[in-house]
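Asker: I have a structure here, written as structure tokens, and I will follow up with some questions on it.
The values are calculated or read from the model by the stated rules, or taken from the named source; none is laboratory data. Since we're looking at a predicted model, the values are computed, not measured. Positions of Cβ are generated from backbone atoms using ideal geometry, with glycine treated the same way; all protein chains shown enter the neighbour counts.
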Amino acid sequence: MANSGGGSAEYITHHLTDWCAGCTADHKPGGLVDFSVFTLDLIIVGLVCAAIVALFSLFVRKRLTAEEPGALQAVVEAGVEYVSDQVGQVFHKRNDFVGALAVAIFLWVSLMNLADIIPVDLVPGVLGGIGHLFGADHVFFRIVPTAALDTPFAMALVVFVVMVYYQFRANGPGGYAKRFLTHPYGKWAAPANILTTFIDDVSKPVSLALRLFGNMFAGELIFALLAMLTLSALAPPSGMVAVWAPLHFLGGFIWSVFHLLIVFLQAFIFAVLSIVYLGMATQTDDH
């Protein structure tokens, strides 16, 4: 748990620091891209959320029935039908893989985003107490994988790889190369075409990742700032805690309710834009 006596900067920095393997002495990667670093907290929480989604899917599947469908089955069927309609509008035909991918993205991202609703000091505090028993002075653990660049960019990279696969399948290797050489300025402007098409392709996964990361990072930061309302009155202790503690609770409650909308909205946007980008990738040169 962060030491509130170190000031707001230290407190917030502590909550924005990952538990990582291969990091430098200040618990940071060697650069913006460092493949020798593993952010263990993000990996653990992401895998736990993925396992919950898988178990939930198995739970629903075992209880599917045509005779007496329950409320849960009705909700799931409505969601699947909505996704199928979106995929059909973009692909103009049934595509079970993209539909399943979009549903999995929505559920997984929603669950990872929901971790932001957990009280900001709860998990670091518990793990910090455990760590002290084993002689660790500081225990860093970020509970929201989507509030760090690693997870959104990893998911966006998967969407990008599938997008390139669909482009190859729709146009063939020659058509894929021709798209870079002749689109959008014609065959006599190949260098400009290559640059423009490359930027167009790369901007899709980058925008997917940055949109999700930016919203969730801002939410995580606001929760930490709200927590500082109370911590600032406790270091050193003062009578103002009677004022700031209720404001902290009220502000945290209001922001939590609003943040729930952001949690599901960002998951929805990521899933829908993935469908759109994959649908665009299936277009041939004629379109």
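Asker: What single numbered condition from (1) crowded, with 16+ Cβ neighbours inside 10 Å; (2) farther than 15 Å from Met280 by Cα fails to hold for Arg179?
Answerer: Going through the list (1) crowded, with 16+ Cβ neighbours inside 10 Å; (2) farther than 15 Å from Met280 by Cα, Arg179 breaks only (2).
Asker: State whether one or more residues within region 146-156 are over 18 Å from the mean Cα position of the chain (by Cα) and of a type in the set (D, E, K, R). It would help to see each step written out before you state the result.
Answerer: As a first pass, look at region 146-156 and keep what is over 18 Å from the mean Cα position of the chain (by Cα): none.
Among the residues of region 146-156, not one is over 18 Å from the mean Cα position of the chain (by Cα) and of a type in the set (D, E, K, R), which makes the answer no.
Asker: Would you call Gly46 more than 30 Å from Leu225 (Cβ to Cβ), surrounded by 13 or more Cβ atoms within 10 Å (Cβ to Cβ), under 20 Å from the mean Cα position of the chain (by Cα) and not β-branched (Val, Ile, Thr)? Even if it seems obvious, please write down each step before you answer.
Answerer: Numbers: more than 30 Å from Leu225 (Cβ to Cβ): no; surrounded by 13 or more Cβ atoms within 10 Å (Cβ to Cβ): yes; under 20 Å from the mean Cα position of the chain (by Cα): yes; not β-branched (Val, Ile, Thr): yes.
In short, no.
Asker: Could you pull out the residue among Ala51, Ala115, Ala25 that is surrounded by 15 or more Cβ atoms within 10 Å (Cβ to Cβ) and either small (Gly, Ala, Ser) or in contact with a Pro (Cβ under 7 Å, 6 or more places away or on another chain) (or both)? First the steps, then the outcome.
Answerer: Values: Ala51 fails: surrounded by 15 or more Cβ atoms within 10 Å (Cβ to Cβ); Ala25 fails: surrounded by 15 or more Cβ atoms within 10 Å (Cβ to Cβ).
Being surrounded by 15 or more Cβ atoms within 10 Å (Cβ to Cβ) and either small (Gly, Ala, Ser) or in contact with a Pro (Cβ under 7 Å, 6 or more places away or on another chain) (or both) holds for just one of Ala51, Ala115, Ala25, which is Ala115.
Asker: Go through (1) farther than 19 Å from Val276 by Cα; (2) surrounded by fewer than 20 Cβ atoms within 10 Å (Cβ to Cβ); (3) of a type in the set (S, T, N, Q); (4) touching a residue at least 12 places away in the same chain (Cβ under 8 Å) for Asn171 and report which single condition fails.
Answerer: So Asn171 meets the others, but not (1).
Asker: Ok, one more. Filter region 44-65 down to the residues that are free of Cβ contacts under 8 Å to residues at least 40 places away in the same chain and of a type in the set (A, V, I, L, M, F, W, C) and list them by number.
Answerer: Selection gives Ile44, Leu47, Val48, Ala51, Ala54, Leu55, Leu58, Phe59, Val60, Leu64.
Asker: Filtering region 70-89 down to residues that are touching a helix residue (DSSP H, G or I) at 6+ places or on another chain (Cβ under 6 Å) and under 20 Å from Leu212 (Cβ atoms), which residue is surrounded by the most Cβ atoms within 10 Å (Cβ to Cβ)? Quick ask: steps written out before the conclusion?
Answerer: Looking only at region 70-89, we keep the residues that are touching a helix residue (DSSP H, G or I) at 6+ places or on another chain (Cβ under 6 Å), and these are 76, 83-84, 86-87.
Okay, now just the ones that are also under 20 Å from Leu212 (Cβ atoms), so 83, 86.
Values: Val83: 20, Gln86: 18.
Going through the qualifying residues, I end up with Val83.
Asker: Turning to a different aspect of this structure: Inside region 153-210, can you point out the residues that are part of a helix (DSSP H, G or I) and on the phi > 0 side of the Ramachandran plot? Spell out the reasoning first.
Answerer: Just the residues of region 153-210 that are part of a helix (DSSP H, G or I), to begin with: 153-182, 187-210.
Correct list: Gly172 only.
Asker: Of all the residues that make up region 97-144, how many are in a loop (DSSP other than H, G, I, E, B), more than 14 Å from the chain's Cα centre (by Cα) and not acidic (Asp, Glu)? Break it down into steps so the answer makes sense when it comes.
Answerer: Taking region 97-144 first, the residues in a loop (DSSP other than H, G, I, E, B) are 118-121, 134-144.
Those left that are additionally more than 14 Å from the chain's Cα centre (by Cα): 118-121, 134-141.
With not acidic (Asp, Glu) added as a condition, the list becomes 118-120, 134-136, 138-141.
Adding up the residues that qualify gives 10.
Asker: Cβ-Cβ under 8 Å, sequence separation 6+ or interchain: first residue in region 176-193 and at pLDDT 85 or above and among the polar types (S, T, N, Q), partner assigned to a loop (DSSP other than H, G, I, E, B) and surrounded by 14 or more Cβ atoms within 10 Å (Cβ to Cβ). Which pairs?
Answerer: What qualifies is Asn193/His183.
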